[in-house]
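Visitor: Handing you this structure, nothing more for now.
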Amino acid sequence: MSDPARSPSADAVLEVRGLEKHFGGLYALSGLDMEVRRGEIVSVIGPNGAGKSTLFNVITGIYEPDAGDIRYQGSTIVGLRPHQVVKLGIARTFQSVRLFANMTILENAMVGQHCRSKGGVFGSIVRTPGVRAEEDRIRQRAEEALSFFGKRLSGYRLEQPAFSLSYANRRRLEMARAMATDPQVLLLDEPTAGMNPRETLELRDHIVRMRDELGLTVVVIEHDMRVVKGVSDRVIACDYGQKIAEGTYEEVANDERVIEAYLGTKAAG
């Protein structure tokens with residue numbers, strides 16, 4: 001089992017130290033420590049109310065922590081707004097899909113490049129050559145992100161409205177939009193929620209490809225233990241806003257504290 005008290009690794013890209021967040025008398029995060037190393041997939045598990053989504057919300061600047069620090073590539077990001085966090089290289093998806101339903105699939109993905117856009121208001125009005133070139137670049141980057149998911153989000157589908165997609169493809173589109181921001185770290189909040197078994201296994205493979213083919217560092221909040229087992233380099237288990245176990249899937253799944261808090265029975269090795 002990994003030692004939770006170890007010093008930060010030299011290759012840690014994201015570090016969380018003593019993180020606290022409370023809402024009134026409820027502590028959603030209570031002294032949480034974790035680190036994510038470059039190029040790995042880390043799964044965060046725990047029962048409902050364990051603080052998992054709050055962790056993502058604090059990392060991405062939606063909430064400001066009440067105590068503790070968050071360091072990205074060695075520098076604190078506490079106090080930054082969400083768009084500033086994205087621009088630094090941390091993108092995310094949400095537990096509930098958040099798309100622009102009446103915009104096309106391509107337009108939704110192009111929104112991901114907004115944080116990278118350099119065109120000003122004047123250039124957009126007069127349509128300068130620089131603005132046109134940037135629009136072409138943004139479109140190309142969006143199409144590349146969409147093509148990661150194959151024919152489901154490419155070809156003739158590019159001009160279809162997002163509301164026409166199946167639920168599973170809406171989740172894929174939200175991931176493509178996050179990927180279009182050119183992140184170094186991708187936070188996926190329950191990406192397989194609501195998917196059938198075939199879709200779940202397909203998305204599990206996509207998560208591994210995000211690391212292997214795109215070089216992304218991925219942090220996944222996930223309840224489906226088949227996905228956790230299939231993608232994770234490390235697993236971090238939380239309960240009541242604290243880390244209760246950390247290690248390989250087998251180590252964490254068979255930890256007595258995790259079994260009591262979350263799994264209910266020992267998982268298969």
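Visitor: For the stretch 10-33, how many residues are in contact (Cβ under 8 Å) with a residue 24 or more places away in the chain, over 19 Å from N48 (Cα atoms) and among the aliphatic types (A, V, I, L, M)?
Guide: 4
Visitor: Which is small (G, A, S), assigned to a helix (DSSP H, G or I), touching a residue at least 24 places away in the same chain (Cβ under 8 Å) and within 30 Å of P82 (Cα to Cα), of A237, A261, A245, A178?
Guide: Values: A237 fails: assigned to a helix (DSSP H, G or I); A261 fails: within 30 Å of P82 (Cα to Cα); A245 fails: assigned to a helix (DSSP H, G or I).
The conditions single out A178.
Visitor: Separate question: Scanning for something modelled with pLDDT under 95 and over 23 Å from M210 (Cα atoms), does the stretch 92-101 turn up at least one residue?
Guide: Among the residues of the stretch 92-101, at least one is modelled with pLDDT under 95 and over 23 Å from M210 (Cα atoms), which makes the answer yes.
Visitor: Another question about this same structure. Looking at the stretch 102-129, which of the residues that are of a type in the set (A, V, I, L, M) and at pLDDT 85 or above is surrounded by the most Cβ atoms within 10 Å (Cβ to Cβ)?
Guide: Of the stretch 102-129, the ones of a type in the set (A, V, I, L, M) are 103, 105-106, 109-111, 121, 125-126.
Still in the running and at pLDDT 85 or above: 103, 105-106, 109-111.
Values: M103: 15, I105: 27, L106: 20, A109: 29, M110: 23, V111: 17.
The qualifying residue surrounded by the most Cβ atoms within 10 Å (Cβ to Cβ) is A109.
Visitor: Is there any pair with a first residue in the stretch 51-62 that is in contact (Cβ under 8 Å) with a residue 12 or more places away in the chain and a second that is part of a helix (DSSP H, G or I) and not aromatic (F, W, Y) whose Cβ atoms are under 8 Å apart and which are 6 or more apart or on different chains, and what are they?
Guide: Filtered contacts from the stretch 51-62: I59/V85; T60/P82; T60/V85; T60/V86; G61/P82; G61/Q84; G61/V85; I62/P82.
Visitor: List every residue pair whose Cβ atoms lie under 8 Å apart, where the two residues are 6 or more positions apart in sequence or sit on different chains, the first residue falls within the stretch 152-173 and is in contact (Cβ under 8 Å) with a residue 24 or more places away in the chain and more than 13 Å from F100 (Cβ to Cβ), and the second residue, located anywhere, is surrounded by 20 or more Cβ atoms within 10 Å (Cβ to Cβ) and among the basic types (K, R).
Guide: Taking only residues 6 or more apart or on different chains, the pairs are L153/R172.
The values are calculated or read from the model by the stated rules, or taken from the named source; none is laboratory data. Since the model is a prediction, treat every value here as computed from it, not as a measurement. Reconstructed Cβ throughout: ideal geometry from the backbone, glycine too, with neighbour counts over all protein chains shown.
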